[in-house]
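To start, the structure itself, in structure tokens.
The values are calculated or read from the model by the stated rules, or taken from the named source; none is laboratory data. Only a predicted model underlies this, so the values are computations on that prediction, with no experimental measurement involved. Positions of Cβ are backbone-derived with ideal geometry, glycine not excepted, and every protein chain shown enters the neighbour counts.
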Amino acid sequence: MTVTDTSSTATVSAPDAAAPAVQWAPAEPRPKRARWGLRIGVPAGVVGVVAVAASLVLIAPGTAVAGVPVGFLTAGAASDAIAQRLATTTVTLGEGGPTLTGAQLGAIVDSGTLAGQAYHDRPLWNVSQWFGDTADAEIAVDATTAMAALQAAAPDLFTAPVSAEVSFTGSAYELTPAVDGEGVDVAVVAEALQDAFSSGTADVVVDPVLVPVEPVSTTAEAQEAVDRLNAMLGDIGFYVGAERTVPVSPAEAASWLSIGTDESGAFTIAADPAKIQVAVDALDIDQEVVDGTVVVNAAGDVLRDIVAGQDGRVLGDTSGVAAAFAAQLAEGSAAFELPVTVTPQKTTELERLLEVDLSRQRLYLKENGKVVDTWLISSGRPGAVTYPGHFSIGWKTASQDMQGTARDSGKKYTQEDVPWVMYFNGNQAFHGAYWHNNFGNVMSAGCVNMPPAKAKMIYDWSPVGVDVWIHA
């Protein structure tokens, strides 16, 4: 509002012209109205507004966090004060020893949260919360930072640990055990720093306590690496399916590998693709398909390979093999499956059977149900019969002295150098008989005998496990 104040001279006309004019004296100026409200009231209002505003952002007087006074501070300023106090609190190692600050020891405190909580609990406007109890504050000390600072400040209190090592000895990997060092116990120093900070003490003296210092790479970590590497040496190679087609010697494999450690001390494996490429370039695994022929029994068990079959295979594109194998070795897997086109073999199964017809005194050699050969035999005589049934060849011997007691006569007998013996039912067997030539008639004490040349034929023709059928 604007107020304007003016001064003037007034002229009054007489009723008639003859009347003399009257000249008034100038009017006294009116005194100015006092405006104390404007000069005093406005500044007081501003102060009141500011005070109210301050009470809404400041922390109540008498408030302390871990001995740090934060009254009349904003939360942000209080956070800075708390952090600064921790950073400058010092720990001295023994009387007259080296001194380190909280900042050097890597100490931190959540000052922002603490300051925010102080304002929340004790704002300036809440008079009832003025001059409350000191709030506690928990600090954290980074062990690695603290250990490095302590070692730099008091090197005579430390003995460096020796990390475990892994090395190749020519045929396998072995370890060199770790050796513990010794140094100041960080936990004791951290506890002393916490006590000093919580009590508001700027400096504290603590007697250093020495404890073992574990190396970066421990013996246990080295043993784990050795076990993993030696297992890889046992498997390493180039595979076609489940077959290790091209093994890699331990020495060659070790030349591919580099053993290191990461920041935590764990052992790492790296492989050199360029060295692996030399082995890839030498791969020669192509082969023609060969169809096989095997002897089986009625159960389908393979008893013998007559012609050993093999799958055909052709090696595919190897341009990425070295890099892929290197990556696989770094992960601990040593069996690399090659890109191969495989042509499966065809296998012919020959199911063989030795069939004896007791009524005809004849042996039949059957293959897949067809008779491939036959001749006369002599089976057990009456009272010492050859027992009928289904059996299989249990074991064989090219020559044997036989002795026993005849079941029909009770007489003991001994027969030397019996050739081409194949047992199928207890002590009953196929064998050659050089002591008679009466084949086609029962002659034996229970075995099935035949001319020695014929016995040799079935000995060679019949692997262990071949089926035997004796019937009337």
Scan of region 276-290 for residues that are under 30 Å from Gly465 (Cα atoms) and either exposed (fewer than 11 other Cβ atoms within 10 Å of the Cβ) or not hydrophobic (A, V, I, L, M, F, W, C) (or both), ordered by number: none
Condition check for Ala222: modelled with pLDDT of 95 or more, under 27 Å from Ala146 (Cα atoms) and within 22 Å of the chain's Cα centre (by Cα): yes
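Every residue, every condition in (1) within 30 Å of Gln345 (Cα to Cα); (2) surrounded by 15 or more Cβ atoms within 10 Å (Cβ to Cβ); (3) among the basic types (Lys, Arg); (4) in contact (Cβ under 8 Å) with a residue 24 or more places away in the chain, yes or no:
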{"site": "Ala253", "(1), (2), (3), (4)": "no, yes, no, yes"}
{"site": "Gly265", "(1), (2), (3), (4)": "no, yes, no, yes"}
{"site": "Ala271", "(1), (2), (3), (4)": "no, yes, no, yes"}
{"site": "Ala274", "(1), (2), (3), (4)": "no, no, no, yes"}
{"site": "Gly292", "(1), (2), (3), (4)": "yes, yes, no, yes"}
{"site": "Asp311", "(1), (2), (3), (4)": "yes, yes, no, yes"}
{"site": "Asp317", "(1), (2), (3), (4)": "yes, no, no, no"}
Those residues of region 418-472 which are charged (D, E, K, R) and within 21 Å of Ser359 (Cα to Cα), in sequence order: Lys454, Asp467
Residues within region 148-185 that are within 30 Å of Ala66 (Cα to Cα), without any contact (Cβ under 8 Å) to a residue 60 or more places away in the chain and touching a strand residue (DSSP E or B) at 6+ places or on another chain (Cβ under 7 Å), tallied: 5
Restricting region 280-309 to residues that are under 38 Å from the mean Cα position of the chain (by Cα) and outside any loop (DSSP other than H, G, I, E, B), the residue that is nearest to Gly237 (Cα to Cα): Val280
Verdict on Gln104 being outside the structural domain of Glu252 (by TED's automatic domain parsing), modelled with pLDDT under 95 and of a type in the set (S, T, N, Q): no
Selection within region 62-78 - in a loop (DSSP other than H, G, I, E, B) and surrounded by fewer than 17 Cβ atoms within 10 Å (Cβ to Cβ): Gly62, Phe72
Test: residue in region 227-237 that is on the phi > 0 side of the Ramachandran plot and either touching an Asp or Glu at 6+ places or on another chain (Cβ under 6 Å) or in the same structural domain as Gln328 (by TED's automatic domain parsing) (or both): yes
Single condition Ser359 does not satisfy, out of (1) surrounded by 13 or more Cβ atoms within 10 Å (Cβ to Cβ); (2) under 29 Å from Pro451 (Cα atoms); (3) of a type in the set (Ser, Thr, Tyr): (1)
Exclusive hit being of a type in the set (Val, Ile, Thr) and within 22 Å of Thr144 (Cβ to Cβ), set Val127, Val109: Val109
Residues being within 17 Å of Leu105 (Cβ to Cβ) and either buried (at least 16 other Cβ atoms within 10 Å of the Cβ) or touching a Gly at 6+ places or on another chain (Cβ under 6 Å) (or both) - total across region 192-216: 11
Filter pass, Gly67 being at pLDDT 90 or above, at positive phi and small (Gly, Ala, Ser): no
Neighbours by Cβ (under 6 Å, 6+ apart or cross-chain): first from region 233-249, at pLDDT 95 or above; second part of a helix (DSSP H, G or I): Leu233/Pro250; Leu233/Ala253; Ile236/Ala253
Subset of region 204-260 [assigned to a helix (DSSP H, G or I) and aliphatic (A, V, I, L, M)]: Ala220, Ala222, Ala225, Val226, Leu229, Ala231, Met232, Leu233, Ala251, Ala253, Ala254
Enumerated strands (runs of 3 or more DSSP E) restricted to region 361-472, each holding at least 1 residues that are touching a His at 6+ places or on another chain (Cβ under 9 Å): 389-392, 395-405, 412-425, 448-450, 467-471
